[in-house]
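The values are calculated or read from the model by the stated rules, or taken from the named source; none is laboratory data. Every value quoted in this text rests on a predicted model; they were computed, and no experiment measured them. Neighbour counts are summed over all protein chains in view; Cβ atoms, including those assigned to glycine, are modelled from backbone coordinates with ideal geometry.
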Amino acid sequence: MISRRTFAIGAAPGVAATVRARAQSYPIKPVKLIVPFAAGGPADVMARVAGQRMSAILGQNLIVENRPGAGGTIGARAAAQAEPDGYTLMLANTSTLVIGPLVYRNVEYDPLKSFALIAAFGTTSNILVVNPQVPARTVQEFIALARAQPGKLSYASPGIGTPPHLIGEMLKLKAGIDLVHVPYKGGGQAIGDVVAGQVQMTFENPSVSLPLVRAGKVRALAATGETRNPEAPDIPTMIEAGIPDFVSVSFTGLVAPAGTPAAIVARLNAAANESLAAPDVHGVLAKLAVEARPGTPAEFAAFVTAETDKWRAVVEAAKIRIE
């Protein structure tokens with residue numbers, strides 16, 4: 001990295017002209033899109049659907065390469081170390097750009113310094129659900145119940161350091177209650193034990209939780225977004241439920257290695273925003289309960305910075321650390 005930058009400084013006019021020429025013709029070959037999660041999950045589906053539409057817009061294939069592990073940080077590390085020529089991109093999300101760097105001791109990349117943030121794809125909120133046997137029909141009733149039985153109620157998550165884990169810790173901090181965290185190896189097990197009554201509550205994606213709510217298998221108390229979910233307008237937000245500043249959304253977006261030419265970033269940003277308006281992509285977003293979030297690279301970076309500041313406070317207060 002040092003030698004490459006030194007060369008750029010020493011031969012600025014020629015290098016600048018070459019970069020401009022490459023950016024104008026970009027892309028001239030297939031582009032690799034690293035997805036740092038297993039195939040078939042929400043992030044993978046998002047990458048493949050948006051990637052297919054972007055391929056049509058750019059005139060070159062975006063080839064998905066799954067590199068799962070360590071909360072997405074393994075794939076993110078590989079993306080950060082790739083050549084910054086626009087031919088290696090990554091499907092980033094809350095875990096890779098915010099939570100992973102906060103909870104893992106050494107991820108070997110910096111969310112803002114190691115990447116050129118291109119565009120946000122969208123955000124999704126969660127829904128606080130409880131087992132129907134829990135004698136609470138509102139968030140305030142649940143808080144009162146937890147205060148009356150400190151350390152007796154539990155909440156499930158797909159694992160330590162996952163968004164539902166941190167949302168649960170934020171609830172504990174803001175409401176001043178003592179809940180027991182029960183981590184599982186996946187979201188299916190977590191919500192399954194809430195349905196079975198082994199655990200009292202969890203925070204779950206609307207695409208999973210709402211069918212269970214309608215079937216009477218869990219009870220919804222509140223949604224974590226800034227506004228009510230259009231698919232469930234009768235469920236209040238956490239703020240409406242009486243907890244100020246309680247907003248939690250997970251995001252997905254597109255990034256490239258730091259140093260990727262600005263003209264290429266701009267080209268990719270335009271393609272990403274255009275893809276979000278396509279009916280097929282919009283339909284998949286709706287099924288995943290994702291709200292499209294088109295915008296500029298600067299807006300994406302500001303959003304990631306704000307999210308990092310918010311969750312850093314929760315991680316430090318809860319002393320969450322993964323070796």
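Close contacts from segment 43-54, counting a first residue that is within 17 Å of Ala286 (Cβ to Cβ) and assigned by TED's automatic domain parsing to the domain that holds Ala272 and a second that is part of a helix (DSSP H, G or I) and modelled with pLDDT of 90 or more, with Cβ to Cβ under 6 Å and a gap of 6+ residues or different chains, come to Ala50/Ser275; Arg53/Ser275.
Provide a single number: the residues in segment 73-100 that are free of Cβ contacts under 8 Å to residues at least 60 places away in the same chain and either of a type outside the set (Ser, Thr, Tyr) or farther than 18 Å from Pro42 by Cα (or both).
5
Against the conditions (1) closer than 15 Å to Ala120 by Cα; (2) at pLDDT 95 or above; (3) within 18 Å of the chain's Cα centre (by Cα), Trp311 satisfies every one except (1). Val107 passes every criterion in (1) at pLDDT 95 or above; (2) in contact with a Lys or Arg (Cβ under 7 Å, 6 or more places away or on another chain); (3) in the same structural domain as Ala271 (by TED's automatic domain parsing) apart from (1).
Are there strands (runs of 3 or more DSSP E) fully within segment 94-213 with at least 2 residues that are touching a helix residue (DSSP H, G or I) at 6+ places or on another chain (Cβ under 6 Å)? List them.
On the way: elements: 115-125, 127-130, 154-157, 180-183, 201-204.
Because the criterion is at least 2 residues that are touching a helix residue (DSSP H, G or I) at 6+ places or on another chain (Cβ under 6 Å), the strands (runs of 3 or more DSSP E) in segment 94-213 that meet it are 115-125, 127-130, 154-157, 201-204.
Applying the criterion of at least 2 residues that are of a type in the set (A, V, I, L, M, F, W, C), in contact (Cβ under 8 Å) with a residue 12 or more places away in the chain and touching a Leu at 6+ places or on another chain (Cβ under 9 Å) to the helices (runs of 4 or more DSSP H) found wholly in segment 256-323 leaves 262-276, 297-318. Looking at the structure I just gave you, is Ala223 in contact (Cβ under 8 Å) with a residue 24 or more places away in the chain, crowded, with 19+ Cβ neighbours inside 10 Å, over 26 Å from Pro68 (Cβ atoms) and of a type outside the set (Lys, Arg)? Against the criterion (in contact (Cβ under 8 Å) with a residue 24 or more places away in the chain, crowded, with 19+ Cβ neighbours inside 10 Å, over 26 Å from Pro68 (Cβ atoms) and of a type outside the set (Lys, Arg)), Ala223 qualifies. Count, please, the residues in segment 238-254 that happen to be over 30 Å from Met90 (Cα atoms) and surrounded by 17 or more Cβ atoms within 10 Å (Cβ to Cβ). Number satisfying all stated conditions: 4. Pick from Ala292, Ala298, Ala286, Ala266: which is loosely packed, with under 15 Cβ neighbours inside 10 Å and under 26 Å from Leu102 (Cα atoms)? One residue alone meets the criteria, Ala298.
Does Thr224 satisfy the criteria of being under 19 Å from the mean Cα position of the chain (by Cα) and among the polar types (S, T, N, Q)? Quick ask: steps written out before the conclusion?
Values: under 19 Å from the mean Cα position of the chain (by Cα): yes; among the polar types (S, T, N, Q): yes.
Spelling it out, Thr224 is indeed under 19 Å from the mean Cα position of the chain (by Cα) and among the polar types (S, T, N, Q).
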